[in-house]
Amino acid sequence: MKKLLTAGVAAMALISASASAETRIGMITTLSGGGSHLGIDVRDGFELALKQSGRSDVELIVRDDANKPDVAKSLSDELIQSEKVDILTGIIFSNLAMAVVPGAVRDVFYISPNAGPSALAGKLCNPNYFNVAWQNDNLHEAMGGYMKQAGLQKPFILAPNYPAGTDALNGFKRFYGEEGLAGEIYTQLGQTDYAAEIAQIRASGADSVFFFLPGGMGIAFMKQYAAANVGIPVFGPAFSFDEIIVQALGDAAIGVKNTSQWAYDLDNDANKAFVESFRAEFGRTPTLYASQGFDTANLILSALDKAAPGDKDAFRAALEAAEFTSVRGDFKFGPNHHPIQDIYVREVVAGPEGKPTNKLVGIALEDHADAYAAECKM
């Protein structure tokens with residue numbers, strides 16, 4: 001039995017009951033630099049599922065891309081050519097996914113626990129590419145529809161200028177509409193000073209703000225927005241209001257509604273067990289990223305029960321069947337290997353000891369499929 005290679009996490013033994021040879025999985029994810037808590041949670045959720053499986057012939061090799069596309073591409077080449085991995089996973093940011101996935105899937109399976117750029121769901125889809133999280137537009141589409149139904153008439157929308165940011169605002173407008181927007185801004189990726197954008201929002205006559213600014217970008221924006229006392233309600237996707245971010249924001253996050261395909265208080269047995277075990281293992285409440293890592297590992301393990309990755313057709317069919325128990329409840333793939341699933345609305349409330357946390361308040365979209373499947377020719 002080989003040693004499991006991880007970044008700062010205890011080695012764990014894993015097995016595939018059906019594969020006669022060891023399966024090697026390469027995880028390229030963001031463990032340092034901006035957005036590192038996203039990659040850490042994906043990794044921790046993935047490894048927790050592997051540990052719980054009790055399997056012993058799957059080797060996981062974890063590498064840190066430092067949120068740099070050139071690093072991610074170099075690591076992909078190394079893992080495929082030198083480490084001879086069968087499967088790649090782990091990428092958080094869509095610009096890194098676009099640097100890695102189109103080339104990688106010529107040789108191995110890529111199974112995304114996060115980034116879902118529209119190009120990979122549509123014209124650049126591939127039989128060896130699967131996304132277990134969502135297509136980038138999905139949570140934004142849900143919030144666009146929710147805000148439209150809520151009667152908000154002049155939203156101001158903003159996101160970073162990179163593939164997931166353009167997908168975000170396109171998704172929002174797909175369900176809200178193009179008319180009535182008070183303003184639309186693309187910010188710099190990694191930006192930390194939002195004084196100019198906040199001044200534009202204040203002067204725009206907006207009745208609401210929708211933003212997608214993941215990780216530290218969202219923390220910086222919300223802290224500055226609260227300090228500026230703009231007084232216009234804020235909405236967004238879960239990416240801007242995960243459990244780690246809302247703890248960092250404190251009272252500034254209270255009352256914000258956000259959309260997610262998962263919530264830690266979803267009422268199903270698999271999710272309850274996952275949240276309890278994650279808290280016991282890591283001492284914190286999981287984010288949606290951890291749930292995505294957990295589901296991704298369990299999808300792979302379910303496929304390994306049927307076939308080895310070397311038998312590409314059989315392994316692909318096993319992945320497509322998605323015969324695993326997802327922590328989000330019902331799960332299935334569409335024809336472009338992206339999920340068809342419910343999208344929920346959560347509200348940030350004062351939890352135990354007054355600390356902010358997310359509370360599930362309803363469903364925004366049921367059995368939602370992405371908008372790009374028709375462009376996918378597989």
- For the chain, evaluate the Debye formula with one uniform point scatterer on each Cα (no solvent term) and list log10 I(q)/I(0) at q = 0.07, 0.13 Å⁻¹, rounded to two decimals. -0.28, -1.00
- How big is the charge dipole of the range 156-231 about its Cα centre, in debye rounded to the nearest 20, if each Lys and Arg gets +1 on its Cβ and each Asp and Glu gets -1 on its Cβ? 160
- Among all the lysines, which ones have a C-alpha under 20 Å from LYS123's C-alpha, if same-chain residues fewer than 8 places away are not counted? LYS377
- Message: Can you list residues from other chains, or at least 5 along the same chain, whose modelled amide H is less than 5 Å from the amide H of GLY35?
- Response: GLY216
- Would you mind checking the tilt of helix 312-321 against the longest principal axis of the Cα atoms of the chain, expressed as 0 to 90 degrees and rounded to 10? 40
- Query: Calculated from DSSP H runs of 4 or more alone, at -39500 (n - 2.57) each and per residue, what is the 222 nm mean residue ellipticity of the chain, nearest 500?
  - Reply: -11500 deg cm²/dmol
- Using only alpha carbon pairs under 8 Å that are at least six residues apart, calculate the relative contact order of the chain and give it in whole percent. 18
- Item | Packing-based order for 69-77, 362-370, 191-199, using average beta carbon neighbours within 10 Å, highest first | 69-77, 362-370, 191-199
- Using the Cβ atoms and a cut-off under 12 Å, what net charge is assigned to the surroundings of VAL349, where Lys and Arg are +1 and Asp and Glu are -1? +1
- Among 308-317, 134-143, what's the highest-first ranking by average C-beta atoms within 10 angstrom per residue? 134-143, 308-317
- Message: I want the local charge near ILE201. Using Cβ-Cβ distances under 12 Å, sum +1 for each Lys or Arg and -1 for each Asp or Glu among the other residues.
- Response: -1
- Item | Size of charge dipole - the chain - debye, nearest 20, with Cβ of Lys, Arg +1 and Asp, Glu -1, no other charges | 320
- With N residues in the range 214-304, what two-decimal value do you get for its Cα radius of gyration over 2.2 N^0.38 Å? 1.26
- Item | Under 17 Å from the Cα of LYS355 - lysines, other chains or at least 8 residues apart | LYS223, LYS257
- Note on the structure: extent check for the range 96-159: Cα max minus min per principal axis, descending, whole Å, gives 49, 19, 18
- Potential lengthening between ASP311 and ILE340 on full extension [0.36 nm per residue; Cα-Cα distance subtracted]: 7.8 nm
- Task: Check the straight Cα-Cα distances from LYS84 and name the lysines below 25 Å, setting aside those fewer than 8 residues away within the same chain.
- Result: LYS2, LYS3, LYS51, LYS68, LYS73, LYS306, LYS312
- Item | Inter-centroid distance (Cα atoms) of the range 347-378 relative to the range 52-118, Å | 25
- Task: Can you find, among PHE333, ALA317, ALA350, the residue farthest towards the positive end of the dipole of the range 256-374? Put +1 on the C-beta of Lys and Arg, -1 on that of Asp and Glu.
- Result: ALA350
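Computed from the coordinates by the stated procedures, all read-outs in this text should not be read as laboratory data. This one's a predicted model, so the numbers in the text were calculated from it and none came from an experiment. Methodologically, a virtual Cβ is constructed for each residue, glycine included, from the backbone with ideal geometry; neighbour enumeration extends over all protein chains shown.
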